[in-house]
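What follows is calculated from the coordinates using simple rules that are stated; it is not laboratory data. Since the model is a prediction, treat every value here as computed from it, not as a measurement. A quick note on method: Cβ atoms are made from the backbone with ideal geometry, for glycine too, and the neighbour counts reach across all protein chains shown.
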Amino acid sequence: MRAVIVGGGIGGLATARGLALRGWDATVLERQPRLEAAGAGLSLWPNALRALDWLGIGDRVRAAGAPITGGGLRTWRGAWLSRVSVAGPIVVHRADLHEILADGVRVRTGTAVTDVRDLDADLIVGADGIGSAVRAQYAPRVRIRDSGQVSWRAVVPDPGIKGGGETVGPGGVRFGHIGMGRRGVYWYAVAPAPLRTTSPDEQLAELRRLFHGWHEPIPALVAATEPAALLHHPLLDLHPVAPMRFGDRVALVGDAAHAMTPNLGQGACQALEDAVTLAALADADVAGALREYDMIRRKRVTMVVRRSWQVGRVMGARGALTGALVRTAARLAPSGATSRAAERTAAWEPPTPAPGA
Ligand SMILES: Cc1cc2nc3c(=O)[nH]c(=O)nc-3n(C[C@H](O)[C@H](O)[C@H](O)COP(=O)(O)OP(=O)(O)OC[C@H]3O[C@@H](n4cnc5c(N)ncnc54)[C@H](O)[C@@H]3O)c2cc1C
């Protein structure tokens, strides 16, 4: 059986790996001339690690990343609002995850798919991200929703910082950092603001002003950031979540179906769940497998997208965080990893044992 996967991001590469493990002849078509992942840190929760174990690469990814052992929520002055010790999630550099996923996968780069009808395969998987051409062909009404918030991210080479956490400040601005071991420290900042068109140098100057007076290591991390390392994006999601199969041979995985705001650190984790679920179900009855895939996955990702959006609304509220809001934020945010919400999301198990297990 032949599968063509459109898009060589985390979702597409994981799907190709999973299908190959199930005996499929899988090829990834990637529009970029080279397969490479720019990016910063990614938190991977136990659900994602179980998906990676199913794909046979969990230990390699764990070795490339660093465990997240503790964190919590602080005020910009440094007072703790909630403090948690966690067991299970890791943080990994996106480039490292991408490289491990791509190892041994057949990828044709420089191939942008514009019409799915041109593809000849038993199964076609749209893994082409939030602006998916595959989704646009079948579900043109699904719209990209702008949260009105933007993010900045970077990795700073300081292997000395361990642990991390999130800090909330005035005006719905927040900052998070996580030590990634040999890869340094991953930090992110979120603000309710329009996307900047200024240069990275100018944006860093703005961030130095914005985070002046916040507790350490925040000003130090911003000061140590190279302009070339700064990433700046709007925080978007898909509303509503797209159907995850079309007809008898087309499926969507990852952001193509359910891009979400990053407030729960679950976008890539859900793409990995999709990939493993689809691979586990895919057999000679492709149409039946796709029906089941859509039924299982759409309900779950709709919940995660919605919860992520809600966390963003609470955390990005422009007024001062009231006591009630802080309690809600601490309960909902990923830094409150012991909360039932985070535990429920991370409790996912693959639908079948790993191939060969
Ligand atoms: C600020 C921020 C922080 C985040 N933090 C986390 C986190 O901590 N943890 C987490 O789990 N998730 C996080 N995410 C979400 C995560 O990055 C995404 O959910 C994930 O990368 C989606 O992977 P994907 O493979 O579905 O899509 P993408 O990564 O977008 O990959 C799509 C691929 O398809 C290719 N492509 C596009 N169109 C075509 C075409 N027509 N033909 C061929 N190829 C095409 C693209 O070039 C790309 O390689 C974060 C996101 C943001 C914005």
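Full extension of the segment from residue 2 to residue 239, taken as 0.36 nm per residue of separation minus the current Cα-Cα distance, would add 82.2 nm. Does region 79-232 classify as rounded, prolate or oblate by the C-alpha gyration tensor (a ≥ b ≥ c root eigenvalues; a/c under 1.5 gives rounded; else a/b over b/c gives prolate, otherwise oblate)? Prolate shape, in that a/c is at least 1.5 and a/b is the bigger ratio.
A Förster radius of 25 Å combined with the Cβ-Cβ distance from residue 182 to residue 205 puts the calculated FRET efficiency at roughly 0.25. Take the Cα of residue 287, go 7 Å toward its beta carbon, and the backbone nitrogen atoms of region 206-247 under 18 Å from that spot belong to 244-247.
Charge dipole of the chain (Cα centre as origin; +1 on each Lys and Arg Cβ, -1 on each Asp and Glu Cβ, all else neutral): 1200 debye, rounded to the nearest 20.
Between residue 62 and residue 229, the FRET efficiency estimated from the beta carbon spacing at R0 = 25 angstrom works out to 0.55. Overall, region 1-149 carries a charge dipole of about 600 debye about its Cα centre when +1 sits on the Cβ of Lys and Arg and -1 on the Cβ of Asp and Glu, all other atoms neutral. Of the beta bridges in the chain, as assigned by DSSP with both residues counted there, near 70 percent are antiparallel.
Would you report the distance distribution of C-alpha pairs in region 182-253 as whole percents per 10 angstrom bin, up to the bin with the largest distance? That works out to 14, 37, 20, 16, 11, 2, in percent per bin.
Candidate membrane-span-like segments in the chain, meaning DSSP H helices with Cα atoms spread over at least 18 Å of their own axis and a Kyte-Doolittle mean of -1.0 or above, are 267-281, 286-315, with no membrane implied. Distance between the C-alpha centers of region 21-100 and region 235-289? Whole Å please. After rounding, the separation between the Cα centres reads 18 Å. For the chain, the convex hull drawn through the C-alpha positions has a volume of 126 cubic angstrom per residue. Which residue, 110, 56, 71, tops the fluctuation ranking in a GNM of the chain built on C-alpha contacts under 10 Å? Sorting by GNM fluctuation, first place goes to 110. Considering only 191, 220, 280, the mean-square fluctuation computed in a Gaussian network model of the chain, springs between alpha carbons under 10 angstrom, is largest for 220. Which one, 56, 257, 210, projects farthest toward the positive side of the charge dipole computed for the chain from Cβ point charges (K/R +1, D/E -1)? Result: 210. Based on C-alpha pairs under 8 angstrom that are at least 6 apart in sequence, the chain has a relative contact order of 23 percent.
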